[in-house]
2 protein chains.
Amino acid sequence: MTSTRCAACKQLRRRCPSDCIFLPYFPPNNPQRFSFVHKIYGASNVGKMLQQVEEHQRADVAHSLYYEAYCRTKNPVYGCVGNISILHQEIYHLEWQLAKVEAEISLLKAQAQTEAQLAQGQQVELSPANMLADKNGVYSSLLSSFDLSTPSLY
Amino acid sequence: MTSTRCAACKQLRRRCPSDCIFLPYFPPNNPQRFSFVHKIYGASNVGKMLQQVEEHQRADVAHSLYYEAYCRTKNPVYGCVGNISILHQEIYHLEWQLAKVEAEISLLKAQAQTEAQLAQGQQVELSPANMLADKNGVYSSLLSSFDLSTPSLY
């Protein structure tokens, strides 16, 4: 045993060879990082997953395994799949907001066009957007057709 | 050995007891499901993760472990963290689009208000939005202030 053993070899109480697969990614000053992946995957599986990729990709493998193991430890039921579900909900909500705001823009543009035509004394075409406009310029019908309830989980 | 062994016990070539922890979540008709989690976590770790939660949560544990193991097999460097990164990018892009469209709405509303005041012969207040409008009603300055470059990964 040497004093420069990596976190993995230190925790597994074994000699740390100079070409240790864990050494660059699990330094001795961060034992928690190895503890998380060891608990979820086991040291042997982590070693295999590091070995099966190119050397320049191993830091990303170690980091993503650590992230997943950390999430699984904090959320034993869903792990980082729980985070994915939250992000999907957020995307659904943003897409819904964007569609709503884009519809509002279309109506405002149609209103501006109608008013410009009226100002020039032109005959106003009866488009669906024009027909929706009330005398106060409130375009409530189309906007209210959006379901304002909370989007369901998927 | 019985003919109703679960996928785990069948693959591990062992007897499948009636209270086998894997039996409800890794049925014999879907051996691939167990193969994925076995390869990434090892059967023993999967068993431990199932045992440490309430019985009604185990189906979700098995499903999320399968999802993560499947992603890791398909993407050995990033696993499902790669999916999380893509979702973050998507959210960033949607938030950017939403901010842009909301700014456009504010400008259209300001333009409509200005035109209504002009039509009524009122003095138009010099608001920043009014000051941005050129004689053709083109509000390019504020909109073009958004950075149109591709958002960076985070």
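The values are calculated or read from the model by the stated rules, or taken from the named source; none is laboratory data. None of these values were measured; they are calculated from a predicted model. Heads up, the Cβs are rebuilt from the backbone with ideal geometry, glycines too, and the neighbour counts pull from every protein chain shown. Accessible surface areas use protein heavy atoms only, side chains included; no ligands, DNA or RNA. Shrake-Rupley method; radii C 1.70, N 1.55, O 1.52, S 1.80 Å.
What about residue A:110, is it small (Gly, Ala, Ser), more than 26 Å from residue A:36 (Cβ to Cβ) and crowded, with 17+ Cβ neighbours inside 10 Å? Step through it out loud before you land on a result.
Numbers: small (Gly, Ala, Ser): yes; more than 26 Å from residue A:36 (Cβ to Cβ): yes; crowded, with 17+ Cβ neighbours inside 10 Å: yes.
In short, yes.
Can you go through B:5, B:14 and tell me which one is open to solvent by less than 60 Å² (accessible area, probe 1.4 Å), more than 14 Å from every other protein chain (Cβ to nearest Cβ) and over 15 Å from residue A:72 (Cα atoms)?
The conditions single out B:5.
Considering each residue of segment B:49-67, count those that are open to solvent by 70 Å² or more (accessible area, probe 1.4 Å) and more than 13 Å from residue A:72 (Cβ to Cβ), and give that number.
Here the count works out to 5.
Just to check your reading of the model, which residue among A:61, A:101 is closer than 21 Å to residue B:110 by Cβ and either part of a helix (DSSP H, G or I) or at pLDDT 80 or above (or both)? Spell out the reasoning first.
On the way: A:61 fails: closer than 21 Å to residue B:110 by Cβ.
On inspection, the qualifying residue turns out to be A:101.
Checking residue B:88 against (1) loosely packed, with under 14 Cβ neighbours inside 10 Å; (2) at pLDDT 85 or above; (3) of a type outside the set (Phe, Trp, Tyr), which test does it fail?
All conditions are met except number (1).
Applying the selection to segment B:75-103, what residues are more than 7 Å from chain A (Cβ to nearest Cβ), free of Cβ contacts under 8 Å to residues at least 24 places away in the same chain and closer than 10 Å to residue A:64 by Cβ?
Passing the criteria: B:75, B:82.
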